[in-house]
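Quick notes on the structure that follows.
The values are calculated or read from the model by the stated rules, or taken from the named source; none is laboratory data. All figures in this text were calculated on a predicted structure; none of them were measured in a lab. A quick note on method: Cβ atoms are made from the backbone with ideal geometry, for glycine too, and the neighbour counts reach across all protein chains shown.
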Amino acid sequence: MPELPEVEFAATRLRHAVAGRVIARLEALHPSQQKHLPDAARRAAVGRTIDRVERRAKIQLVHLNDGAILEVHFRMTGDWEFTRVGDEPPRHERVRLETTCGVRVSLVDSRALGVVRLHAPGTFVLPAIGPEPLTDDFTVEGFRTALARRSGPIKPALLDQKLVAGVGNIYASEALWEARIHPATAANTLSRERVTRLRDAIRHVLETAPTERYYGRDDVDENEIWRVYGRDGEPCRRCGASLKRLPQAGRSTFYCPRCQRR
Ligand SMILES: [Zn+2]
């Protein structure tokens, strides 16, 4: 599932491909998309210029020059594919946007869970999401206050977008390993020092994410890329202990039982 670094990478590619361009065509090619992008919405977008592409958490926002916004969620398997109008369409194409200069952007999404919605000018409301982890808004004090209200384990808490925006299953495991914090530690028991370490670790794993190598590729060896994610049974890169997998809130967490402490 794409997380913040992958969505940032995708948004940057989209920005380069379409910012300043005029929409010639917008099509919903799959029933799952037709309800989000009805005919009237698709017609309304035609002729509009794409002003800018923004990312908030894992949401991409395509701002049109009349104030309308295309809101994009990749969910599990979504991604952009860029071709030219008239080229062979990519596999699993769900939404197609074409510009008057011949760029074709396709939402490719094998599981078809992604969402593209058009919001009329002035109607878009961003859901309540926490600070962007790579900005100055993500402060130790703010993070600590938010954690103090949570008595559950830290790992599932990190996936809550209201706590911090854009951290998903992979980077939550990676950050906890980096900060040497056991994933089952109650969030509200973390000392100020450990909260600081965790905040720094979240920023570090997101900043150094191997986006281009990993995202959208099936041929990468997870064992090579990640510190703990997908490496249960393998040795910890720090202490050599055998890494473990722990199911938490329906998701797998990977951690080192020796050097990650409660
Ligand atoms: Zn270890």
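Just one of (1) of a type outside the set (A, V, I, L, M); (2) under 25 Å from Ala146 (Cα atoms); (3) more than 16 Å from the ligand (Cβ to nearest atom) fails for Glu222. It is (2). Inside region 60-80, residues that are out of contact with any helix residue (DSSP H, G or I) (no Cβ under 8 Å at 6 or more places or on another chain) and either surrounded by 21 or more Cβ atoms within 10 Å (Cβ to Cβ) or part of a strand (DSSP E or B) (or both) make up a count of 7. Trp177 meets all of the listed conditions (1) under 28 Å from Glu8 (Cα atoms); (2) more than 16 Å from the ligand (Cβ to nearest atom); (3) not acidic (Asp, Glu); (4) not in a strand (DSSP E or B) but one, namely (2). Examine region 9-32 for a residue that is at pLDDT below 95, under 30 Å from Gly230 (Cβ atoms), surrounded by fewer than 19 Cβ atoms within 10 Å (Cβ to Cβ) and among the hydrophobic types (A, V, I, L, M, F, W, C), and state whether such a residue exists. The answer is no; no qualifying residue exists. Restricting attention to region 194-202, does a residue exist that is within 16 Å of the ligand (Cβ to nearest atom), assigned to a helix (DSSP H, G or I) and modelled with pLDDT under 95? Within region 194-202 (the criterion being within 16 Å of the ligand (Cβ to nearest atom), assigned to a helix (DSSP H, G or I) and modelled with pLDDT under 95), the answer is no, since none of the residues qualifies.
Exactly one residue among Thr83, Thr100, Thr145, Thr135 is free of Cβ contacts under 8 Å to residues at least 12 places away in the same chain, out of contact with any helix residue (DSSP H, G or I) (no Cβ under 6 Å at 6 or more places or on another chain), over 30 Å from Ala241 (Cα atoms) and not assigned by TED's automatic domain parsing to the domain that holds Pro235, and that residue is Thr135. For the residues Ala57, Ala146, Ala45, the requirement of being at pLDDT 95 or above, farther than 13 Å from Val18 by Cβ, buried (at least 18 other Cβ atoms within 10 Å of the Cβ) and of a type outside the set (Phe, Trp, Tyr) singles out Ala146. Within region 236-250, does at least one residue satisfy the condition of being assigned to a strand (DSSP E or B), under 25 Å from Met76 (Cβ atoms) and more than 16 Å from the ligand (Cβ to nearest atom)? Checked region 236-250: at least one residue is assigned to a strand (DSSP E or B), under 25 Å from Met76 (Cβ atoms) and more than 16 Å from the ligand (Cβ to nearest atom).
Taking every residue in region 226-237 that is at positive phi and pairing it with any residue that is within 11 Å of the ligand (Cβ to nearest atom) and outside any loop (DSSP other than H, G, I, E, B), at least 6 positions away or on another chain, the pairs with Cβ-Cβ distances below 9 Å are Gly233/Ser242; Gly233/Lys244. Here Leu107 passes the criteria (1) hydrophobic (A, V, I, L, M, F, W, C); (2) surrounded by 19 or more Cβ atoms within 10 Å (Cβ to Cβ); (3) in the same structural domain as Leu243 (by TED's automatic domain parsing) except the one numbered (3).
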